[in-house]
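One structure below.
The values are calculated or read from the model by the stated rules, or taken from the named source; none is laboratory data. Keep in mind that what you see is a predicted model, and the values were worked out from it rather than measured. Because the Cβ atoms are built from the backbone with ideal geometry, glycine has one as well, and the counts that use them run over all protein chains shown. The protein model used for the area step is the full one, side chains on, heavy atoms only, and it has no ligands, DNA or RNA in it. Shrake-Rupley method; radii C 1.70, N 1.55, O 1.52, S 1.80 Å.
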Amino acid sequence: MRLDKILDALFPATCVACNAPQAGLCASCLPPPEAAQRFRLGSLRVCTLGTYDGPLREAVLVFKHGRRDVGGALAAALNVRFGKELTARLTLVPVPTTSARRAERGFDQGAFLARELGGRSGLGVLELLRQTAGDAQHGRSRVARLAARERFRCTAPELARGLRAILVDDVVTTGATLRDCRAILESAGARVVLAVAAARAL
Ligand SMILES: [Zn+2]
């Protein structure tokens, strides 16, 4: 039996916001449909469940630190809220976290969210992006810094070619990350038609 299953049995999960005996985020703590955010970053359409505050913020924070049931609840809510956008022939591509953070936390929340959303929506998931390690900003020439803006690389350009992709992330802040990920995928021949995230930080 896996450790997380044993822990779940010993400490049944409760709603992160109100402690109701329901895993993840209970129905009354989920952002209501009218809280959903639909906006554009440049020409990229973005959908989130709500803004990064209140119970949604708490949910994202505990999810980042490993509460998989909360990630499942967020993915389920994304699937219900944006089911119409998650149409066939689109492929979910998670925004990756750094390998250092993945090692520290034991999982990659973007990839987890994408897999949970894929399982619910029936869309395929391809983990095509890797974040290049290290802090690129220190001790480098201007040219090197500009090059380092490409913080991501595509691990399988042959799979990206012709793909119609949806980027999946936990929180959208400035949109710089989504822009970089989109640029990398599109330079490999994909088209990024949408980004979905749990929350939008304003
Ligand atoms: Zn609740």
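Fully extending the segment from residue 101 to residue 132 would add 9.9 nm, taking 0.36 nm per residue of separation and subtracting the current Cα-Cα distance. Residues 182, 2, ordered by accessible area of protein heavy atoms at a 1.4 angstrom probe radius and largest first, appear as 2, 182.
Could you state how much accessible area residue 18 has, in square angstrom rounded to the nearest 10, with a 1.4 Å probe and all protein chains kept in place? Answer for residue 18: close to 70 Å² accessible.
Per residue, how many Å² of accessible area does region 1-130 show with a 1.4 Å probe?
Values: 6670 Å² over 130 residues.
Roughly 51 Å² per residue, with all protein chains present.
With the simple model of a label 7 Å out from the Cα in the direction of the Cβ, residue 85 to residue 53 spans 2.1 nm.
Using a Debye calculation, one point per C-alpha and no hydration shell, please list log10 I(q)/I(0) for the chain at q = 0.08, 0.12 Å⁻¹ in order. Scattering profile of the chain, log10 relative to I(0): -0.27, -0.61.
What's the carbon and sulfur percent of the chain's accessible surface, probe 1.4 angstrom, rounded to a whole number? Don't skip to the answer; put the middle values down first.
Values: 5490 of 10550 Å².
The nonpolar share, carbon plus sulfur, comes to 52 percent.
Is any helix in the chain, taking whole DSSP H runs, at least 15 angstrom long along its axis by alpha carbon and on average at least 0.0 on the Kyte-Doolittle scale, and which ones?
Details: long enough: 54-64 (16 Å, 0.61); 68-81 (20 Å, 0.46); 109-121 (18 Å, -0.31); 176-187 (16 Å, 0.06).
Flagged H segments are 54-64, 68-81, 176-187.
If r is the Cβ-Cβ distance from residue 18 to residue 61 and R0 is 22 Å, what FRET efficiency results, to the nearest 0.05? Result of the calculation: an efficiency of 0.90.
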